[in-house]
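Asks: Below you'll find the structure I mean.
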Amino acid sequence: MAGRNNTTPPPESSRPFADGGASEKSQLDWVLNSQSQMKERLAVIETNSEHTAKSLDRFELAMEKQSEALIASLEKQSASQEKAFEKLCATQEKSFEKQCAMFEKSLDKQSVDIKKVDSDMIKVVSTIKYAAGALAATALILGLIINGQFGKFSNFMDEQQKKESQKVVSPKTDQGK
């Protein structure tokens, strides 16, 4: 039995033939022997089958445990990643809100600065208008004063000229008399 495997029947050549001088008893012994060997082989096959079934059951159980462990691990990772994502979103949202608030404050400050500059410009323009008006009024008043003074001065000069011309004319007339 060293060269045969357990699933192969005994070779047909080992079977005794009736026409070759074998007796019925030897044929019956051979059949009984073959049946006995077949029973042993079937028992071994059944044992191997049971062992294989148990091994498959253990393998399925191990696969289920590994699958459950993998699912649990993936759920933990998913939960961890979800928490990290939520934390990142919250951080980004806070940062965005902070930047928006800073931008709004900056805009408010610039708006106040623009209003102040506008107010200052209005004051400067008003001051320039008042100064221009005062300058124009001063020029008008000075013009009137100067015109009036020139008028008086002109009259004074005319009177002086008349007086001098009368003095010049009077001595000539006095000499001729």
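Asks: Got at least one residue in region 154-162 being modelled with pLDDT under 80, in a helix (DSSP H, G or I) and among the aromatic types (Phe, Trp, Tyr)?
Replies: Among the residues of region 154-162, not one is modelled with pLDDT under 80, in a helix (DSSP H, G or I) and among the aromatic types (Phe, Trp, Tyr), which makes the answer no.
Asks: I would also like to ask the following. With the condition kept exactly as written, say whether any residue in region 59-82 is under 29 Å from the mean Cα position of the chain (by Cα), among the aliphatic types (A, V, I, L, M) and on the phi < 0 side of the Ramachandran plot.
Replies: For region 59-82, residues under 29 Å from the mean Cα position of the chain (by Cα), among the aliphatic types (A, V, I, L, M) and on the phi < 0 side of the Ramachandran plot: present.
The values are calculated or read from the model by the stated rules, or taken from the named source; none is laboratory data. This is a predicted model, so every value here is computed, not measured.
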